[in-house]
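> Okay, handing you the structure first.
The values are calculated or read from the model by the stated rules, or taken from the named source; none is laboratory data. As the structure is a prediction and not an experimental result, all values here were calculated from the model. All Cβ positions, glycine included, derive from the backbone under ideal geometry; neighbour counts span all protein chains shown.
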Amino acid sequence: MALLQISEPGESPAPHQRRVAIGIDLGTTNSLVAVVRNGSAEVLRDEAGRTLLPSVVRYEENGRVTAGAEAQRHLARDPRNTIASVKRFMGRGVADVPNIENAPYDFVDAPGMLRLRTVAGPKSPVEVSAEILKALRARAEARVLEGTSAELAGAVVTVPAYFDDAQRQATKDAAKLAGLNVLRLLNEPTAAAVAYGLDNAAEGIYAIYDLGGGTFDISILRLTRGVFEVLSTGGDSALGGDDFDHRLYCWVLDEARLTQLPPEDTRLLLIKCREAKEALTLHGVARINAELSDGRKVNLTPSQAKFFELTQHLVQKTIGPVKRALRDAGLAPADVQGVVMVGGATRMPHVQRAVAEAFGKPPLNNLDPDQVVALGAAMQADQLAGNRAGNGDWLLLDVIPLSLGLETMGGLVEKIIPRNSTIPIARGQEFTTFKDGQTAMAIHVLQGERERVSDCRSLARFELRGIPAMVAGAARIMVTFQVDADGLLSVTAREQSTGIESAIVVKPSYGLSDAEIARMLQESFQHADDDMEARALAEIRVEGEQLLAATGAALAQDADLLDESERAAIDAAAAALAALLSQGDRRQIKRAFDALGAATGGFAARRMDRGVQSALTGHHISELA
Amino acid sequence: MIDFSADHFSLLNLPRRYRIDTAQLDREYRALQGTIHPDRHAGAGDAGRRLALQASARVNEAYATLRDPAARGEYLLGLHGVVSLADTDTAMPLDFLTAQMERREAIGEARDSGDRPALENALAGIATERAALEAELAEAIDGQGELEAARVAVRKLRFLDRVKHEIDDALTETEA
Ligand SMILES: Nc1ncnc2c1ncn2[C@@H]1O[C@H](COP(=O)(O)OP(=O)(O)O)[C@@H](O)[C@H]1O
Ligand SMILES: [Mg+2]
């Protein structure tokens, strides 16, 4: 790798060095991957031409893991090992998930985050999500990278705006586990605003209402000449289309007098209820027809009116957060210029009506609610990868959805960073000791809006030790919270009254320790040894092509610096490398690659001397003094 | 990148006064974040990215402080060497306190009976009162330099902020 490339000032590097970055919408129901090509964002399709990857993962006894449509086909047949809507479990314990008793899985409660027992062993929601992300990564590699020398620079992965720190951290861990370089965690409504705002050159106040399969978000943004400023956000990270299915399912159990169903039947009926719900939107009528495992038959026709009655309270549950978000932004409904609808569940007519009523204007449905999040993520990924430098950049200013605080005396929470603060943010608060001679302090980090510790979510606990013994109230302990642009928190504590600093940095990790992640990574590498080898081969090929191109360019410019035998040595090494690039194995290519590097070492040094000299001759001596 | 030792006003290119042009503040803020935000330095090394994070957080802090009338007053008094919220300083005019007690009682009742119009009314009342206090504060700091009067006004504003939060929470409760 000895050749120095010197390009003209202002000249961009060769097009093959463009860094490909993808945007991923990791949804509860469906996931998508998009990329910017030739300046515009597009969602990538699989071999069958489908854009949506069902967020379903299946584990088989023989160790095979499948994700997407193929896994989805086994939902009702193999419900324990076929995991759907895993996003509901990210960063959550068993007690945190509403209606968990109806989920047809075998849960293992573990501190921080639950596990799902499968034939392939207990799986963390992080591991399951990683399988979805791997499938999307493979799609991107096949569709965009194959046959080019481009590399995958990284990914922007979207999360619900109302995801708390545990859920965000879990998502980032899943992406790492899938071998993705996470450029940014991006809030889904913000991603949608980017796609919508840039496409429509929108300016002013906009609301994004995003009701998907398992989560609900509302974000209020101000769009000002390329700046997307989130003013407030609200939502419910456990409310979505799944809950509508569940209401219909409970109605079916009632109507058909069913109790104690095996997981296969539960899953079958849930699928039928979802189909009926979607049919009601599209046709106004629906039929639920199913044969249970014991031969009993279910045959019901829920009317649209019945469905609305069963689910109106769920729709209403989204309006409270809408009002609060408006209040937090200091705005009235009339200040909002447009309400952009995102997520499949916003297709339901009673959702449309409730939103129209809350804002006093019909919502905007002129974009594909399934794709807009992935498209916005791809645009942001493209920018973060540096592909748009100086080319009409936009800026995203986002907020944290939930307040962050510390436990103080009496089980109360002292808020350090209030919700809707713009990120990144760092804020400190001083605390002192309670007893004479106290040398340690327990620090308990919480997230939520309520005053009592028991009503907030516990993010992390740690102890600050080695505080010098002093009378009560004399020590000065500064606890600093820092939230980065991904919305992720880190906490530092430092005793400062004595000048002795004992600082500790805590990254809350909720159930998955670094060691566990390392183990999962190791395991996935073992399973994917072939994969690794293929990747390494692809990489060395790319590097080889780049070296050949650089050598060619250098020879074209400065061949006069070489004598005949030097030139012959370089030509021979280059020819050897070129011949091996397409057929050779990784080791052979690497050897040829190193050989060409060695052969061009002296040439590079001479080119550099010449480059420096020609740069100098352009100047007067006085300028260099 | 930015001068970390600069005060909030000079960081955001504003004169050090209570009365500010909020449109200018918004413009300066957006322009500054446009150059220092971590997304603008995604391709930088670890150190460069960390610096961008810190600079951006510092500017967010400055902006949030100056954008908020009570926080801006408190900060400005601090620059003048006046600590407005010291624990020892509890004296608040009695009539103000009495009025607020009554107000909070009314809010409690409205919350318990789910009386939204009453809560919204209370919000409007607070907004009017805050506007008057802000004008008073501006006069006291920017005009005669009556720092003691300014300090009382800041404390009243802070108090009203808390009452406003109570109303917000009560409204949220009625919407659940
Ligand atoms: N026509 C429709 N009527 C009602 N619900 C629908 C319709 N189409 C999709 N949905 C629902 O939208 C949800 C999925 O939305 P999506 O935005 O893909 O979710 P996510 O982002 O959570 O993956 C599912 O609950 C699905 O049943
Ligand atoms: Mg979604």
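> Can you pull out every residue in segment A:305-326 that is within 14 Å of ligand 1 (Cβ to nearest atom) and in contact (Cβ under 8 Å) with a residue 40 or more places away in the chain? Before the answer, list the steps.
We begin by selecting, within segment A:305-326, every residue within 14 Å of ligand 1 (Cβ to nearest atom); these are A:307-308, A:310-311, A:314-315, A:318.
The answer is A:PHE307, A:PHE308, A:LEU310, A:THR311, A:LEU314, A:THR318.
> Give segment B:1-43 a look and list any residue that's away from chain A (no Cβ under 13 Å) and among the charged types (D, E, K, R), or say none.
Hits for segment B:1-43 are B:ASP3, B:ASP7, B:ARG16, B:ARG17, B:ARG19, B:ASP21.
> Determine whether B:GLU105 is within 30 Å of A:LYS317 (Cβ to Cβ), among the charged types (D, E, K, R) and out of contact with any Phe, Trp or Tyr (no Cβ under 8 Å at 6 or more places or on another chain). Before the answer, list the steps.
Working: within 30 Å of A:LYS317 (Cβ to Cβ): no; among the charged types (D, E, K, R): yes; out of contact with any Phe, Trp or Tyr (no Cβ under 8 Å at 6 or more places or on another chain): yes.
No; evaluated as a whole, the condition is false for this residue.
Let's see how each residue does on (1) in contact with a helix residue (DSSP H, G or I) (Cβ under 7 Å, 6 or more places away or on another chain); (2) away from chain A (no Cβ under 14 Å); (3) modelled with pLDDT of 90 or more:
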| residue | (1), (2), (3) |
| --- | --- |
| B:GLY73 | yes, yes, yes |
| B:THR88 | no, yes, no |
| B:ALA106 | yes, yes, yes |
| B:GLU120 | no, no, yes |
| B:GLU129 | yes, yes, yes |
| B:ALA138 | no, yes, yes |
| B:LYS156 | yes, yes, yes |
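> Just give me the residues in segment A:117-142 being over 19 Å from A:SER85 (Cα atoms) and under 13 Å from the mean Cα position of the chain (by Cα), in sequence order.
A:ARG137
> Going through A:LEU180, A:LEU253 one at a time, which residue ends up being away from chain B (no Cβ under 14 Å), away from ligand 2 (no atom under 16 Å from the Cβ) and within 18 Å of A:ASN99 (Cα to Cα)?
Numbers: A:LEU180 fails: within 18 Å of A:ASN99 (Cα to Cα).
From the options A:LEU180, A:LEU253, the qualifying one is A:LEU253.
> Determine if segment B:97-117 includes at least one residue that is in a loop (DSSP other than H, G, I, E, B), assigned by TED's automatic domain parsing to the domain that holds B:PRO15 and out of contact with any His (no Cβ under 9 Å at 6 or more places or on another chain). Break it down stepwise before answering.
First, pick out the residues of segment B:97-117 that are in a loop (DSSP other than H, G, I, E, B): B:113-115.
From the residues that got through so far, the ones that are assigned by TED's automatic domain parsing to the domain that holds B:PRO15 too are none.
There is no residue in segment B:97-117 that is in a loop (DSSP other than H, G, I, E, B), assigned by TED's automatic domain parsing to the domain that holds B:PRO15 and out of contact with any His (no Cβ under 9 Å at 6 or more places or on another chain).
Here is a yes/no grid of residues against (1) crowded, with 20+ Cβ neighbours inside 10 Å; (2) polar (S, T, N, Q); (3) outside any strand (DSSP E or B):
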residue	(1), (2), (3)
A:ILE22	yes, no, no
A:ASP25	yes, no, no
A:ALA34	yes, no, no
A:ASP46	no, no, yes
A:THR51	no, yes, yes
A:GLU70	no, no, yes
A:LEU75	yes, no, yes
A:LYS87	yes, no, yes
A:GLY91	yes, no, yes
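> Further, regarding this structure: Of the residues that make up segment A:359-369, is at least one within 14 Å of ligand 1 (Cβ to nearest atom), of a type in the set (Phe, Trp, Tyr) and touching a helix residue (DSSP H, G or I) at 6+ places or on another chain (Cβ under 9 Å)?
Going residue by residue through segment A:359-369, those that are within 14 Å of ligand 1 (Cβ to nearest atom) are A:365, A:367-369.
Adding the requirement that they be of a type in the set (Phe, Trp, Tyr) leaves none.
No; the residues of segment A:359-369 include none that is within 14 Å of ligand 1 (Cβ to nearest atom), of a type in the set (Phe, Trp, Tyr) and touching a helix residue (DSSP H, G or I) at 6+ places or on another chain (Cβ under 9 Å).
> Same structure again: Which of the residues belonging to segment A:149-166 are within 16 Å of ligand 1 (Cβ to nearest atom) and away from chain B (no Cβ under 14 Å)? Walk me through how you get there before you give the answer.
Narrowing segment A:149-166 to residues within 16 Å of ligand 1 (Cβ to nearest atom): A:156-163.
Selection gives A:VAL157, A:THR158, A:VAL159, A:PRO160, A:ALA161, A:TYR162, A:PHE163.
> Now for a separate question. For segment A:388-415, give me each residue that is part of a strand (DSSP E or B) and not hydrophobic (A, V, I, L, M, F, W, C).
Across segment A:388-415, the qualifying residues are A:GLY405, A:GLU407, A:THR408, A:GLU414, A:LYS415.
> Which residue out of A:LEU269, A:LEU261, A:LEU231, A:LEU221 is away from ligand 1 (no atom under 16 Å from the Cβ) and more than 24 Å from B:ASP39 (Cβ to Cβ)? Spell out the reasoning first.
On the way: A:LEU269 fails: away from ligand 1 (no atom under 16 Å from the Cβ); A:LEU231 fails: more than 24 Å from B:ASP39 (Cβ to Cβ); A:LEU221 fails: more than 24 Å from B:ASP39 (Cβ to Cβ).
When all the criteria are applied, what remains is A:LEU261.
> Let me ask something else about it. Scan segment A:337-357 residue by residue and report those that are within 26 Å of A:LEU198 (Cβ to Cβ) and either more than 28 Å from the chain's Cα centre (by Cα) or within 14 Å of another protein chain (Cβ to nearest Cβ) (or both).
Within segment A:337-357, A:GLN337, A:ALA356 qualify.
> Given the condition modelled with pLDDT of 95 or more, basic (Lys, Arg) and crowded, with 18+ Cβ neighbours inside 10 Å, answer yes or no: does some residue in segment A:96-119 qualify?
No, there is no match, as no residue in segment A:96-119 is modelled with pLDDT of 95 or more, basic (Lys, Arg) and crowded, with 18+ Cβ neighbours inside 10 Å.
> So, one more: List, please: which pairs have Cβ atoms under 7 Å, are six or more places apart or on different chains, and start with a residue in segment A:200-211 that is within 14 Å of another protein chain (Cβ to nearest Cβ) and end with one that is of a type in the set (D, E, K, R) and away from ligand 2 (no atom under 12 Å from the Cβ)?
Filtered contacts from segment A:200-211: A:ILE205/A:ARG222; A:ILE205/A:ASP335.
> With (1) closer than 20 Å to A:LEU396 by Cβ; (2) without any contact (Cβ under 8 Å) to a residue 24 or more places away in the chain as the list, and A:GLY197 as the residue in question, which single condition is left unmet?
Unmet condition: (2).
> Output the residue which, of all residues in segment B:151-176 that are of a type in the set (A, V, I, L, M) and touching a Leu at 6+ places or on another chain (Cβ under 6 Å), is nearest to A:ILE319 (Cα to Cα). Working first, answer last.
Taking segment B:151-176 first, the residues of a type in the set (A, V, I, L, M) are B:152-154, B:157, B:160, B:163, B:167, B:170-171, B:176.
Still in the running and touching a Leu at 6+ places or on another chain (Cβ under 6 Å): B:153, B:157, B:167, B:170-171.
Values: B:ALA153: 36, B:LEU157: 30, B:ILE167: 18, B:ALA170: 15, B:LEU171: 12 Å.
Only one residue fits best here, namely B:LEU171.
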